[in-house]
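First up is the structure itself, then whatever we jot down about it.
The values are calculated or read from the model by the stated rules, or taken from the named source; none is laboratory data. Note that this is a predicted model, so its numbers are computed, not measured. Cβ sites come from the backbone with ideal geometry, for glycine too, and all protein chains shown count toward neighbours. Note: accessible area is taken over every heavy atom of the protein model, side chains too, but ligands, DNA and RNA are not part of it. Shrake-Rupley method; radii C 1.70, N 1.55, O 1.52, S 1.80 Å.
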Amino acid sequence: MKLYKIALRNISRNKRRSGLSAAAIAIAAAAIVFLFAFFAGMLNDMRTNMWTYLTGAVRVRHSDFDKYERLNPVHLAIPGYDALLKDIMADPAVRAVSPRINFPGRVPVGEGTEKINVMGVGVDFALEAKYQDYEATLTEGSLPRMGTREALIGRALAAKLDAGIGGKFTVLSQSGSRGSNAYTFTVVGILDLPIAGLETLMVQVPLDTAQRFLWLPGQVGEILLKVDPQVDSPEDAALRLGKGLKSEVPLNVWDYKQVNGMAAMMDLAASIYDITAIIFFLLASTVIINTTIMVIFERMNEIGTLAAMGMKGSQLVRLFFLEALFIGIIGSLTGIAIGMAVAGYFGGAGLNLFSDAMEGMDTMGMGSVIYPVLNFKSTVMVFVYSVLVTGLATWWPARRAAKVTPVEALRY
Amino acid sequence: MIKVTNLHKTYTAGELEVKALRGVSLEIGRGEFIALAGPSGSGKTTLLNIIGCIDGADSGDVKIGEKSVMNLKKNDQAMFRRDNLGFVFQSYNLIPVLTAFENVAFSLNLMGIGEGDIRERTMAILKEVGLEGMENRRPGRLSGGQQQRVAIARAIVKNPEILLADEPTANLDSNTGREILELMKRLNQSHQSTFIFATHDPMVMDFADRLVRLHDGAIESDTRR
């Protein structure tokens, strides 16, 4: 009779209690699998949105722009960007580029007494169609034609402006010559953007129109790049491009973590998730410890009998360890299956938790709908953690039981 | 074969000190069928436990064969018990999740004996104790007498030098108790193991070839028949 067979039979001795222990592990494992998938989805989403709408994986700007950004230095633009784009596209890691001009503006609404803020972006729609996923976001209308005063606006902004397709609105902004200008645009498309904050602000217009509007002929405010991480990291690509690019004006070539210091926190977040997982497992382990102690006290007489028969302390520890191991394996496999099913479901359907709360907030690019992403490595780690924690939680009480002398154990 | 020399053992319960053994010395020969008798608190179970290496003494010595078992390390004691001693308890102490066969076989499993040999020896001893056909029953489906037979089979299957039994008939009616004692007597003769009982049951005392009476932790009388 092998020890593992006795351990398996002992598990069925008190099915309810074994079930409780397995359930504790299962709940922890399911919660962690889902949380890891949720966090991975959130980080993916943040990275994608930051790269697409805010910072690019790498951003090229006039080096003084960042210094005076609060003063809206539209005039600190990059001239002759066509040549620069060619050099950038020649880099092996670069997959897409987005030359753009950002311009904060005010739009009068109603009788004109009230104005709302918008964030105008002049883009080259031919390049931009390769840079951002209009198939997903442009849910109504079409892309503006270059050279026209046509615009795409966020759905939330459209509601604020009370403007659908064909609607008109006027943007007031400061030009590159430090004067003011106003253009009236016609809405030709509505964007459903993943970032609630952007949807209430964003106006996308043709780049050449924006250049005329802002008195910046042949210039862009920034060039955003997407890189293929398989080829090179944004950090290394930024470093290489920073050394190689030549321009009439001094340039800052920054990766997204340099652009937004908070983005660097995303790496830190991974450690926080690990700590969260450990806390979950610690909570589950208290159930295992309690159960094991209960089982040991109940079976103390039996421990004494086994010891009297000549079973060594290490064999007794192994017996209890095996019992816990089987419970851990059953619990963690069940939990992982549940966690994967829930994460898989929301991975397709999306989890809309924050859309109302995040409206108008700087969310570091986090979308309002999160699509959890399952990760094979972290799921395997959850299994390993579950079994390890169960084993460790059992080791201490089992070791104590093994130290009791046979005669003491037989008195129970 | 067993030589107990000047054994002392004191239990402390809070501030109370109970002298369980006060300088007990005793020699037991191979194959004896001996009863340690006496009222509660006389020290019979303590002496049995110390000889069985499941309890320690404050001073004195116990030699089994040529080996002093008092100062063995915990693991060595466990191995000594596994290879040389068998135990029978008042409440049978069978493992409830194992069948009669498995309870007996587990003794041999611990010794690392091959599966084929285990099967043969286990079936033989179960037949010898009258449990043929009940091998696959778990303890819950056996009567008290049958459970004690399994416990005896478990203890004797490894042909121990010594079989120690603590009040083996206390939970049985007198007829079943007599049957168990007759069985143990038979096994004592066929296996040549030394049988030591701790008991206050007069029937066990009647069955014993030698009766050692203890009182207040000391030997009061030692009678051979």
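So how exposed is A:H75, as accessible area in Å² (1.4 Å probe, rounded to 10)?
80
Under a 5 Å amide H to amide H cut-off, with H placed in plane at 1.01 Å, what residues pair with B:R213 once short-range neighbours are removed?
Placed amide hydrogens put B:A37, B:E220, B:S221, B:D222, B:T223 under 5 Å from B:R213.
In a shell of Cβ-Cβ distance under 12 Å around B:D216, excluding B:D216 itself, what net charge do Lys and Arg (+1) and Asp and Glu (-1) give? Please report the intermediate quantities before stating the final value.
Numbers: positive: B:K19, B:R22, B:K44, B:R213; negative: B:E220.
Summing Lys/Arg as +1 and Asp/Glu as -1 gives +3.
For chain B, with all protein chains present and a 1.4 Å probe, just round the carbon and sulfur fraction of the accessible area to a whole percent. Before the final figure, lay out each step's value.
On the way: 4200 of 9530 Å².
Its accessible area is 44 percent carbon and sulfur atoms.
Would you kindly give the portion of the calculated P(r) for the protein assembly as shown that falls above 46 Å, as a percent of all Cα pairs?
On the way: 97288 of 202566 pairs.
Roughly 48 percent, rounded to a whole number.
With all protein chains present and a 1.4 Å probe, how do A:S12, A:S386 order by accessible area, largest first?
On the way: A:S12 55, A:S386 0 Å².
Descending accessible area places them as A:S12, A:S386.
How much accessible area per residue does chain B have, counting only protein heavy atoms and a probe of 1.4 Å, in square angstrom? Kindly include the intermediate steps, with their values, before the conclusion.
Numbers: 9530 Å² over 225 residues.
So chain B comes to 42 Å² accessible per residue, rounded to a whole number.
Please give the Cα centre distance for segment B:165-202 versus segment A:365-391, rounded to the nearest Å.
61
Give me the percent of accessible area attributable to carbon and sulfur for segment A:56-259, probe 1.4 angstrom. All intermediate terms of the calculation are to be shown ahead of the outcome.
Numbers: 4610 of 8960 Å².
So the carbon and sulfur contribution to the accessible surface is 51 percent.
With everything on Cα atoms, drop me the angle between helix A:234-244 and the longest principal axis of chain A, reported from 0 to 90° to the nearest 10.
With rounding to tens, the tilt is 40 degrees.
Accessible area per residue for segment A:56-259 in Å², computed with a 1.4 Å probe and the full protein assembly in place, what is it?
On the way: 8960 Å² over 204 residues.
Per-residue value: 44 Å².
Which of A:K257/A:K377; B:K9/B:K63; A:K226/A:K257; A:K67/A:K115 have a Cα-Cα distance over 19 Å? Let's see the in-between values first.
Values: A:K257/A:K377 25 Å; B:K9/B:K63 17 Å; A:K226/A:K257 14 Å; A:K67/A:K115 28 Å.
Those over the limit are A:K257/A:K377; A:K67/A:K115.
For every other residue with a beta carbon closer than 15 angstrom to the beta carbon of A:I25, add +1 if it is Lys or Arg and -1 if Asp or Glu, then tell me the sum. Display every interim value, and only then the final one.
Working: positive: A:R17; negative: A:E323.
Spelling it out: positives minus negatives among the neighbours equals 0.
Determine ³J(HN,Hα), in whole Hz, for all residues of segment A:2-10 in sequence, where each value follows from phi through the Karplus function 6.51 cos²θ - 1.76 cosθ + 1.60 and θ = phi - 60°; x replaces Gly and Pro.
For segment A:2-10, the Karplus-derived couplings read 6, 4, 5, 5, 5, 4, 4, 5, 4 Hz, x marking Gly and Pro.
Can you check what the net charge comes to around B:N49, using other residues whose Cβ is under 13 Å from the Cβ of B:N49 (Lys, Arg +1; Asp, Glu -1)? Present the calculation step by step, with values, prior to reporting the outcome.
Numbers: positive: A:R411, B:K9, B:K44, B:R81; negative: A:E408, B:D55, B:D166, B:E167.
Around B:N49, the surrounding residues sum to 0.
Which residues of segment B:49-87 end up with at least 50 Å² less accessible area in the presence of all protein chains than when their chain stands alone, using a 1.4 Å probe?
Buried by the other chains: B:I54, B:K74, B:R81.
Which whole-Hz couplings ³J(HN,Hα) result when phi for each residue of segment B:117-130 is put into the Karplus expression 6.51 cos²θ - 1.76 cosθ + 1.60, θ = phi - 60°, listed in order with x for Gly and Pro?
3J(HN,Hα) across segment B:117-130, in whole Hz: 5, 4, 4, 4, 5, 5, 4, 5, 6, 5, 5, 5, 8, x.
Kindly report, to the nearest 10 Å², the accessible surface of A:M294 as traced by a 1.4 Å probe over protein heavy atoms only.
90
Ignoring ligands, DNA and RNA, how much accessible area is buried between chains A and B, both sides summed, with a 1.4 Å probe, to the nearest 100 Å²?
Values: alone 19810 and 10640 Å², together 28230 Å².
Roughly 2200 Å².
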